[in-house]
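Below: one structure, written as structure tokens.
Read-outs: derived from the displayed coordinates by stated rules, not from any lab. Not measured: the values here are computed from a predicted model. Positions of Cβ are backbone-derived with ideal geometry, glycine not excepted, and every protein chain shown enters the neighbour counts.
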Amino acid sequence: MNINWDLVWSSLGPLLTGAIAGTIPLALASFSLGLLLALLVALMRLSRNRVVSAVARIYISVIRGTPLLVQLFVIFYGLPSVGITISPWPSAIIAFSLNVGGYAAEVIRAAILSVPKGQWEAGHTIGMSRRQTLVRIILPQAARVSVPPLSNTFISLVKDTSLASLILVTELFRVAQQVAAFSQEFMLLYLEAAVIYWIICLVLASGQSALEKRLDRYVAH
């Protein structure tokens with residue numbers, strides 16, 4: 001295979017622009033919203049109210065039991081049939097956020113349950129309410145436990161944003177498709193996009209390690 005280096009270098013700029021202006025913002029926005037949703041759903045799962053807990057269980061079951069691509073298509077292509085039209089970017093963010101919420105909720109719930117019950121009692125002893133204990137004592141410790149799986153979720157999300165190209169969102173893989181269609185160098189452009197995804201994931205993995213060390217001080221020993 002003869003590599004067209006001129007094409008590699010000339011396409012690098014557009015691909016990086018697609019990653020910086022499309023892939024990364026899409027992943028960050030979706031993960032941030034998904035994480036807030038996950039925390040809410042996790043607390044609902046831990047609720048003593050059976051109805052509230054059941055609603056959370058159903059949501060998690062639906063999200064984890066259906067493909068992300070189907071969820072994305074339902075929102076972008078399916079909702080217009082019932083009179084709800086959402087543009088590509090918001091559709092992608094909604095779909096990815098809902099997906100992250102379903103998976104991350106169980107991670108957060110497990111992390112909260114992993115904190116020793118004595119920590120709850122300690123908060124109560126010094127006069128904290130249950131909410132204050134949760135926010136000031138439990139969640140910081142749970143954060144350290146949940147960092148590795150949540151980081152993996154984020155890394156997976158970065159790669160999953162490539163699915164947004166199927167609903168016309170301009171991101172890294174969409175740009176690669178456009179350049180490949182013009183140059184007919186499909187293998188070369190797709191491999192180049194794959195390398196950029198890989199580098200992004202390597203950077204995120206390094207950030208994960210740094211964050212784990214920073215949060216280690218919150219762990220009760």
request  = Please determine, by comparing only the residues of the stretch 169-183 that are crowded, with 19+ Cβ neighbours inside 10 Å and among the hydrophobic types (A, V, I, L, M, F, W, C), which one is nearest to Ala38 (Cα to Cα).
outcome  = Val169
request  = Assess whether Val100 counts as being more than 20 Å from the chain's Cα centre (by Cα) and crowded, with 19+ Cβ neighbours inside 10 Å.
outcome  = no
request  = Just one of (1) among the hydrophobic types (A, V, I, L, M, F, W, C); (2) more than 20 Å from the chain's Cα centre (by Cα); (3) farther than 29 Å from Gly65 by Cα trips up Val115, so point out which.
outcome  = (3)
message = Show me the helices (runs of 4 or more DSSP H) found entirely inside the stretch 1-74 where at least 1 residues are closer than 13 Å to Gly102 by Cβ.
response = 24-45, 50-65, 68-73
message = Looking at Ser11 and the list (1) touching a helix residue (DSSP H, G or I) at 6+ places or on another chain (Cβ under 7 Å); (2) under 20 Å from Ser87 (Cα atoms), which single condition is not satisfied?
response = (2)
note = Checked pairs for the stretch 161-187, first free of Cβ contacts under 8 Å to residues at least 24 places away in the same chain, second part of a loop (DSSP other than H, G, I, E, B) and buried (at least 19 other Cβ atoms within 10 Å of the Cβ), C-beta under 8 Å and 6 or more apart or across chains, list as Ser165/Glu171
task = Determine which single condition Leu191 fails, assuming it passes every other condition in (1) touching a residue at least 40 places away in the same chain (Cβ under 8 Å); (2) part of a helix (DSSP H, G or I).
result = (1)
note = Of the listed residues (Ile86, Ile94), the one being more than 22 Å from Leu134 (Cα to Cα), out of contact with any Asp or Glu (no Cβ under 9 Å at 6 or more places or on another chain) and outside any helix (DSSP H, G or I) is Ile86
task = Residue by residue through the stretch 36-83, note down the ones that are loosely packed, with under 14 Cβ neighbours inside 10 Å, more than 23 Å from Leu168 (Cα to Cα), within 23 Å of the chain's Cα centre (by Cα) and of a type in the set (Val, Ile, Thr).
result = Ile58, Val62
